[in-house]
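The values are calculated or read from the model by the stated rules, or taken from the named source; none is laboratory data. From a predicted model like this one, the values you see are computed outputs, not experimental measurements. Note: ideal-geometry Cβ built from the backbone for every residue, glycine included; neighbour counts use all protein chains shown. Protein only, heavy atoms only, side chains kept; ligands, DNA and RNA dropped before computing areas. Shrake-Rupley method; radii C 1.70, N 1.55, O 1.52, S 1.80 Å.
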Amino acid sequence: MSIVLFGPPGAGKGTQAKKMIVAGHMTHISTGDLFRAAMKNETPLGLEAKSYVDSGNLVPDSVTIGLVKEVIAANKEGHFIFDGFPRTSTQAEALEKLISDMNANPIKHALFLEVPTDVLARRLTGRRLCRDCGAVYHVDSKPPSVPGQCDLCQGEIYQRKDDSEEVISTRLDAYSKNTEPLKEYYQKKGLFVEIDGQGDPEDVFDRFKTYL
Ligand code: AP5
């Protein structure tokens with residue numbers, strides 16, 4: 001099966017997806033990670049996505065759908081976790097068509113991570129990442145053992161440009177306008193499940209496991 005994991009910025013999608021891919025041998029498709037990798041490597045896709053990502057706006061549907069199509073095509077047998085995709089109803093419809101056209105594993109669950117806005121803001125402003133391996137930290141809840149250095153690969157720790165307070169507010173607006181309506185989209189399809197995203201990440205993961 002494949003799973004859609006969605007929710008507001010900072011809900012913990014990436015954190016939970018990484019636990020799921022290990023536990024369930026699944027293929028992780030995070031459009032945010034793919035855009036950041038393309039930006040780091042200054043590919044044509046990265047150059048196109050940069051202004052949208054840095055300002056907290058959504059990358060155009062045509063670009064994002066084309067990217068996901070390539071990844072599915074390269075991993076046709078995969079059991080996918082779609083993290084941060086779809087984010088618009090156009091993307092949701094396109095994903096169904098892609099899966100059907102390519103005979104990929106169908107979506108069985110659309111798991112929504114619920115976290116209140118004030119908690120999201122604290123998580124996002126305190127988030128730090130490793131520039132080399134992408135490991136995720138938080139200044140309060142999960143600081144690296146040596147300040148500024150990744151525990152896993154000793155890479156440099158940095159803050160995402162779009163984790164500034166001003167850009168976070170644009171991202172939350174984009175979420176409310178474009179992505180929140182997907183709750184109803186997946187409810188109508190009988191795939192929607194809400195998971196409480198508050199508390200220790202291991203406790204949140206236990207809720208996923210209990211449901212699945
Ligand atoms: P993307 O990278 O997908 O950003 P996002 O959806 O805003 O989600 P985040 O990565 O910010 O948060 P998350 O939910 O993964 O939380 P995390 O686990 O890191 O997208 C970035 C940009 O790319 C978009 O703005 C857009 O421009 C573009 N883009 C991407 N996909 C697109 C699409 N489909 N269409 C168009 N454009 C697209 O956790 C956050 C922090 O909280 C971390 O520090 C973590 O350690 C901490 N944390 C996590 N869980 C817990 C917990 N339970 N308790 C305490 N702290 C926790």
Does residue 125 satisfy being of a type outside the set (Phe, Trp, Tyr) and modelled with pLDDT under 95?
-> no
All positions within segment 137-154 that are within 16 Å of residue 14 (Cα to Cα) and surrounded by 14 or more Cβ atoms within 10 Å (Cβ to Cβ) = 137, 138, 142
Tabulated pairs, segment 52-72, first touching a residue at least 40 places away in the same chain (Cβ under 8 Å), second within 9 Å of the ligand (Cβ to nearest atom) and of a type in the set (Lys, Arg), C-beta under 8 angstrom, 6+ apart or interchain | 53/36; 56/171; 58/87
(1) part of a helix (DSSP H, G or I); (2) open to solvent by less than 10 Å² (accessible area, probe 1.4 Å); (3) farther than 22 Å from residue 125 by Cβ: which one isn't true of residue 4, the others all being true?
-> (1)
So residue 47 fits all but one of (1) in contact (Cβ under 8 Å) with a residue 12 or more places away in the chain; (2) part of a helix (DSSP H, G or I); what number is the exception?
-> (1)
Members of segment 129-153 that are over 21 Å from residue 198 (Cβ atoms) and in contact (Cβ under 8 Å) with a residue 12 or more places away in the chain | 129, 130, 131, 132, 133, 134, 135, 144, 150, 151, 152, 153
Please go through segment 183-204 and pick out each residue that is over 15 Å from residue 109 (Cβ atoms) and in contact (Cβ under 8 Å) with a residue 60 or more places away in the chain.
-> 196, 197, 198, 201, 204
